[in-house]
Amino acid sequence: MKKILFVGITNFFVRGGGSLATLAYYNAFCHEFGRQNVNLALPAEFCYGPYAFAIAVPPRKRWLTYLKLFQGRFHRYYDFFRKYLKKHHDEYDVAVINGGFYAGDMVKMFQQYGIKVVVIHHNYEPEYHMDNRTLPTMGGLTPFFVRRNERNAYLSADLNAYLTQADIKLHQQHYGNCNNTFCLGVFEPEKVECFPNERKKVSSISNKNIVITGSMNSVQTICGIMDFKKHYFHIVQELLPDWKIIIAGRDPDPRIQKFASDYSDIIQLIPNPENIDDIISRGSIFLCPTNVGGGLKLRLMDGLRHGLPVLTHSISARGYDAFFGRPFFQIYNSEQSFVIGVEKLKDYIKGKSEDTKISELYRSNFGFEAGCARVKHMMKLLNFN
C-alpha cells in the first residue's frame, strides 16, 4: 500500500480550533492506516518535539513572499510541493490537504501524478478570512483570492470533507456541484475521559458560574464577547443576579480586559490558564457568544465534554446538530431567544428534565473512536482501505 500525505498548516502545540481539529484528523488517519503509512507535512517552524519527524515546509524569503503576492500565491506550499512531488510522487496514493485556500492551487498538481486529493474544508473560507481580516483579503477588503482558491479546490478535489452540513450547503450555493462531499465533523484528538454528567442542581451550588473560554485575542472571540456585553450581559444581571461569569483564554484583548475590570464584582478574567479543564469544571453553564466566522467552534466541545448545559449563539451552533432540541443545548440570536435560553437552562439545572445524557451523546458524536470510524468510511469512498 502506498502512503497518505497529510498536509497541515497549524501548530499542534497551540490550543485553538484549527490546531485541535487538524491534530484529531491526523491521529485518526494514523490510527486507521498505521502511522508508518501517513506522512505528515507542517510549516518548518512547527516541526519540533513529537513532530520533529514531519516534512518541514520552509518559510519563503521576504522578498519572494512579496513577489508571490503579486502573482496571487499567498502561501508557501505550492512551490515546496512542486519540487517535492518530482522526487516523491510515487510514494503516495492520497493527499489530504487541510484548507481549501491552501489546496486550491495544488490539487491538479497532485492529480497529474495520479494522487487522489481529499480537501478538508474547516469552514467557508471567504467568510472566515473576511471576518478575521487576513492578508489574502487585503485586510478584509476583498475575498477574491480566497474565493478563487477555494472554488478551485472544491471543483477539482476527488473528495471534499467538511466539519458541518452548513458549510457543505454554503459551498454548493456559491460554487455549484462537485465530485464528492462528506461530513467528517470534528472529534477529540485522542481518547479522553468524558466527565460525569451528573446534573448540578442550583440549590447545591455554592458558586454559580457561567464559563466562557476561547482565544481571547482572536477577532471572532472579541466580537462575540463585545456583542454579549452590548446586548446580553444585562439579561444575565437581571435573570441570574447571584451568578458570576468566568472568562478564560489566551492573551485577552484590552477590550475584554476592560469589560472584566468594569464589572469585577461579577466577572473573573483568567488569562492564559494552565489547565482549562479545572476552570470549566467550576461552571454550571457554558456560554459561547461567538457571533461571526464560519466552521465549527470547538470550544463548545469543552463544555459538553464536562457535561455542562450550553447556551450558544446560533453562529457557534453549526455542526452540533446532534444536540439541537435538547433541553441542555440552547441557541440564541436575539435578546428574546437569549432570555428563553437562560430560563430553560435554569429549569434544566433545577432538575425539571430527565434528559441528562450530555456526556453520553457527546462521546457518541465527538469521541475519538467515532471520528476514526468516520475517517475510515470517508476513505472507502476513494476505494482506499
Helix 144-156 vs. the chain, principal-axis angle (Cα, 0 to 90°, nearest 10): 70
Of Lys86/Lys108; Lys169/Lys191; Lys61/Lys83; Lys86/Lys380, pairs whose Cα-Cα distance is over 19 Å: Lys169/Lys191; Lys86/Lys380
Per principal axis, descending, Cα span of the stretch 1-116 in whole Å: 41, 35, 22
Gaussian network model of the chain, springs between alpha carbon atoms under 10 Å - residue of Ile168, Ile276, Ile120 with greatest fluctuation: Ile276
Where only alpha carbons of the chain are counted, the Rg and the Dmax (Å): 21.6, 67
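If we count every other residue with Cβ under 15 angstrom of His129's Cβ, Lys/Arg +1 and Asp/Glu -1, where does the sum land?
Details: positive: Arg133, Arg147, Arg148, Arg151; negative: Glu125, Glu127, Asp131, Glu150, Asp167.
Summing Lys and Arg as +1 and Asp and Glu as -1 gives -1.
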Nearest 10 degrees, 0 to 90: helix 368-380 Cα axis against the chain principal axis: 30
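Exposure proxy check: Val310, Val211 ranked by fewest other beta carbons within 10 Å?
Numbers: Val310 23, Val211 26.
Ranking Val310, Val211 by Cβ neighbours within 10 Å, fewest first, gives Val310, Val211.
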Low-density loop positions, chymotrypsin sites (Phe, Trp or Tyr not before Pro), the stretch 10-52 - DSSP coil, at most 12 other Cβ in 10 Å: Phe13
MRE, 222 nm, helices only [DSSP H, n ≥ 4, -39500 (n - 2.57), over the chain, to nearest 500]: -12000 deg cm²/dmol
Listed residues Ser314, Val118, Gly17: farthest to the positive end of the dipole of the chain (Cβ charges): Val118
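To the nearest 20 debye, what charge dipole does the stretch 202-365 have about its Cα centre, counting +1 at the Cβ of each Lys and Arg and -1 at the Cβ of each Asp and Glu?
Working: 19 positive and 18 negative charges, 35 e Å.
In total the dipole reaches around 160 debye.
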Protection-proxy order for peptides 77-88, 100-111, each taking the mean of Cβ atoms within 10 Å per residue, highest first: 100-111, 77-88
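Can you compute the charge dipole magnitude of the chain about its Cα centre, using +1 on each Lys and Arg Cβ and -1 on each Asp and Glu Cβ, nothing else charged? Give it in debye, rounded to the nearest 20. Mind showing how you got there, number by number?
Working: 47 positive and 36 negative charges, 200 e Å.
So the magnitude is around 960 debye.
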Considering only the chain, percent of DSSP beta bridges that pair antiparallel, nearest 5: 0
Of the trypsin sites (Lys or Arg not before Pro) in the stretch 269-373, those whose Cβ has at most 10 other Cβ within 10 Å and which sit in DSSP loop: Lys352
Compactness index (Cα Rg / 2.2 N^0.38 Å), the stretch 202-365: 0.95
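No lab work stands behind these numbers, since they all come straight from the coordinates. For clarity, every value in this text was computed on a predicted model and none was experimentally measured. For neighbour counting, all protein chains shown are included, and Cβ atoms are generated from backbone atoms with ideal geometry for every residue, glycine included.
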